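One structure is given here, and the rest of the page talks about it.
Values in this text are rule-based calculations from the coordinates and carry no lab data. Computed from a predicted model, the values in this text were never measured in an experiment. Here Cβ is always computed from backbone atoms with ideal geometry, including for glycine, and neighbour counts include all displayed protein chains.
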Amino acid sequence: MSDFNSVISFIKEQHNNQEFTPLHAPVFNGNEKKYLLDTIDSTFVSSVGAYVDRFEAMMCATSQTKKAVAVVNGTAAIQVSLRLAGVKEGDEVITQALTFIATVNAILYNGASPIFVDVDLDTMGLSPKALESFLIDNAELREDGAYNKKTGKKISACLPMHTFGFPVHLDELMLVCNNWKIALIEDAAESLGSTYKGRPTGSIGKLGAFSFNGNKIVTCGGGGAIVTNDEEMGIRGKYLTTTAKVPHAYEFVHDELGYNFRMPNLNAALACAQLEQLDAFLENKRSLAKQYQSFFTDKGIKFRTETPDTKANYWLMCVELENKQERELFLSETNSNGVMTRPIWQLMFRLPMYANCQRDGQQNALFLEERIVNIPSSVR
Ligand SMILES: *Cc1c(COP(=O)(O)O)cnc(C)c1O
């Protein structure tokens, strides 16, 4: 007899009573096959092609930004966004320890080091209050930006992440970042379709980064996008991610260190077909979230919902258990009964590469780390 028997059967019912209910499975009911065949017929399967251009235009529309650059994955999108925002080797970047590893790796790829500041309990993303008090205690403002008093290094960017698609408190974060001359870049890898005060996540910071990995709300197999309202930065993003090639009819001239971070046209075709369905996916997921909310509320289990002034995409839905013991019980009973659930990530400073990074008290991150569990969230 399981403590969570009714939970297990309710989740299964919501997903057509499959033998195994995954956390998040992609759905291909649109023009995916048509566009893929089209790409093969055209022979333009690789690094240039009509679908890449179309995908970039669609991303501008979806994220309400002036420029979008298609790249090979979300991690590359964050890495290049940081470089575009001026992050240099030896700099420091403030982010949250409660995130997926890619957020933090992207900082290190630039030769910069992360500083971990606590998250808010309501959004599970970077806390403006914690950011401000960290800066007041540890930083000094100079002509050209904020400097860490302890390390002497420049704090050149702040990288909040919209956890599971729940938008962070962007206005408040922007205010603190502007006061301290720190560039705000949004890791919007999980939040395609989420809005903050009516504006799409990813469009509010200097740059935003999206992922189209297989487990995200919209997938193209693997892919990413950088979005920005700064046209020059967008053009430079395209140039850097396509080997920093100087335009020329036939010569190969590359005048600085670039990357081959292009999204193949084959993947862009899939991305276009999926993006066409984003609104339908959002509606579908929001209705599942509603069902979950009323069910779990009845059960006395906390189902996490969007905060005021925001709309979440409900990419991965989650419950907050009473304590670590309850969480372990929930995880073992659901997983052994064919319902896939997963705990939130371990905090980044537990990993050997990031164990020595500067951090604040992490009170809220530690609380959430012990309690948050993702539950099956696929489009049905
Ligand atoms: C998925 C994800 C990424 C990276 O995306 P990839 O496309 O897998 O490289 C980055 N940050 C967060 C928070 C993510 O969830």
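Residue separation times 0.36 nm, minus the C-alpha to C-alpha distance between Ala244 and Arg142: what's the value?
Gain in length upon complete extension: 33.5 nm.
Computed on the range 32-277, the Cα convex hull volume stands at 116 Å³ per residue.
Going by C-beta contacts inside 10 Å, put Asp255, Asp38, Asp187, Asp171 in order with the fewest on the left.
Ordered from fewest to most neighbouring Cβ atoms within 10 Å, Asp255, Asp38, Asp187, Asp171 come out as Asp255, Asp171, Asp38, Asp187.
Summarising the label geometry, the points placed 7 Å from Cα in the beta-carbon direction at Ala61 and Gln346 lie 4.4 nm from one another. This ranking places Lys150, Lys12 by how few other beta-carbon atoms lie within 10 Å of each, fewest first, which gives Lys150, Lys12. Residues of the range 143-165 falling in the label zone of Asn178, defined by backbone nitrogen less than 20 Å from a point 7 Å along Cα to beta-carbon, are 143-147, 156-161. Whole-Hz Karplus values for the range 237-243 come out as x, 5, 4, 5, 7, 10, 6 Hz, taken residue by residue from phi with 6.51 cos²θ - 1.76 cosθ + 1.60 and θ = phi - 60°; glycine and proline positions read x.
For the chain, the 222 nm mean residue ellipticity estimated from helices alone, with every DSSP H stretch of n ≥ 4 adding -39500 (n - 2.57) and the total spread over all residues, rounds to -11000 deg cm²/dmol.
Loop by DSSP (not H, G, I, E, B), at most 10 other beta-carbon atoms within 10 Å: where is the longest site-free stretch of the chain for chymotrypsin sites (Phe, Trp or Tyr not before Pro)? For chymotrypsin sites (Phe, Trp or Tyr not before Pro) (loop position, at most 10 other Cβ atoms within 10 Å), the longest site-free span of the chain is 1-249.
The stretch between Ala355 and Asp53, if pulled fully straight at 0.36 nm per residue, gains 104.6 nm over its current Cα-Cα span. Summing Lys and Arg as +1 and Asp and Glu as -1 over all other residues whose Cβ lies under 14 Å from the Cβ of Lys290 gives a net charge of +2.
Working note: Karplus 6.51/-1.76/1.60 with θ = phi - 60° gives the range 366-380 the couplings 5, 4, 5, 3, 7, 10, 8, 10, 7, 10, x, 9, 5, 5, 9 Hz, where Gly and Pro are set to x. Net length available on complete extension from Glu283 to Thr297 is 2.9 nm, with 0.36 nm assigned per residue and the Cα-Cα distance removed. Rounded to the nearest 20 debye, the dipole size of the range 32-277 about its Cα centre is 180 debye, using +1 on the Cβ of Lys and Arg and -1 on the Cβ of Asp and Glu. Count Lys and Arg as plus one, Asp and Glu as minus one, and take only other residues whose Cβ is under 12 Å from that of Ala25; the net charge is then +2.
Of the GluC sites (Glu not before Pro) found in the range 239-300, those that fall in a DSSP loop while having at most 15 other beta-carbon atoms within 10 Å are Glu251, Glu256, Glu276. Couplings 3J(HN,Hα) for the range 255-264, derived from phi with the Karplus relation 6.51 cos²θ - 1.76 cosθ + 1.60 (θ = phi - 60°), are 9, 7, 6, x, 9, 9, 10, 5, 8, x Hz, where x marks Gly and Pro.
Please give me the summed charge of the neighbours of Gly237: other residues whose Cβ is under 14 Å from its Cβ, Lys and Arg +1, Asp and Glu -1. Mind showing how you got there, number by number?
Details: positive: Lys66, Lys67, Arg83, Lys206, Arg236, Lys238, Lys245, Arg262; negative: Glu56, Asp230, Glu231, Glu232, Glu256.
After counting each charged neighbour, the total is +3.
Nearest 5 percent is fine: what portion of the DSSP beta bridges confined to the chain is antiparallel? DSSP beta bridges in the chain are roughly 65 percent antiparallel.
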